[in-house]
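Here's the structure we're looking at; comments come further down.
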Amino acid sequence: MTKLLGISGALRKASTNTGLLRALKEIAPPHVSFDIATLHGIPLFDEDEEAATGKPEAVRALDAKIRAADGVVFACPEYNFSVPGVLKNANDWLSRGGSPFRWKRVGIVGAGGGQFTGTARAQYHLRQNLQALQAIAMPRPEVFVNHNEEKFDAEGNLTDTETRRHLAKWFESFLEWVEKRP
């Protein structure tokens with residue numbers, strides 16, 4: 001059984017990025033376990049708090065899920081041309097005391113509004129952050145979903161057939177990246 005963990009950089013219930021993770025979970029083959037973790041409850045990183053009480057429970061729980069996974073998929077929205085603060089903050093906490101991402105295979109997908117970027121800028125910034133955490137990010141293929149308002153329903157579920165086909169092809173490559181470790 002291959003164990004994958006999806007982490008969305010969005011907190012919104014109807015997030016299209018969380019919707020991408022739900023779509024991946026739906027298309028996962030039978031030998032793949034795909035869980036989705038939330039960043040809810042992770043406080044702002046504070047070195048004084050860390051020194052006084054250690055990592056918060058929400059961070060320790062996410063750390064354990066990452067360590068138990070064979071691979072991690074980030075669904076990364078783009079906020080102000082970069083990575084959402086909640087995702088960067090979580091990674092800052094996770095980097096303390098030995099990163100659970102060390103040598104972990106990761107993939108990045110993202111959905112955004114508009115015509116052009118489809119979260120490309122945020123994904124590249126996330127790649128830089130993951131390099132510092134010693135993760136091994138899959139270089140290609142990439143998923144940059146644009147015009148998410150046309151490809152997802154009001155609850156953030158993927159409805160576009162062509163995007164689902166592209167996501168399935170990406171997922172096939174990601175599974176090979178994780179399972180065969182090229």
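The values are calculated or read from the model by the stated rules, or taken from the named source; none is laboratory data. None of the values given here were measured: they were computed from a predicted structure. We place every Cβ from the backbone using ideal geometry, glycine too, and count neighbours over all the protein chains shown. Heads up: the accessible areas ignore ligands, DNA and RNA and are worked out on the full protein's heavy atoms, side chains in. Shrake-Rupley method; radii C 1.70, N 1.55, O 1.52, S 1.80 Å.
Just a few scattered comments:
- Nearest-0.05 FRET efficiency for E155 and H31, computed from C-beta distance (R0 25 Å): 0.30
- Listed by chain and number, the lysines whose alpha-carbon sits under 25 Å from that of K180, ignoring those within fewer than 8 places in the same chain, are K3, K25, K65, K104, K169.
- Neighbours of L130 by Cβ distance under 13 Å: Lys/Arg scored +1, Asp/Glu scored -1, total +4.
- Relative to the longest principal axis of the Cα atoms of the chain, the long axis of helix 161-180 makes an angle of roughly 50 degrees.
- Cα shape, segment 1-55, gyration tensor, a/c 1.5 rule: oblate
- With q set to 0.10, 0.11, 0.20 Å⁻¹, the log10 of I(q)/I(0) for the chain, from the Debye formula over equal scatterers at the Cα positions, is -0.36, -0.44, -1.46.
- Distance between segment 130-182 and segment 19-40 - C-alpha centres, whole angstrom: 11
- Heavy atoms of the protein chains alone define the surface here; on that basis the chain has 50 Å² accessible area per residue at 1.4 Å probe size.
- Within segment 71-182, DSSP assigns beta bridges of which about 15% are antiparallel (rounded to the nearest 5).
- Net charge contributed by nearby residues that have their C-beta within less than 15 Å of A64 (K/R +1, D/E -1): +4
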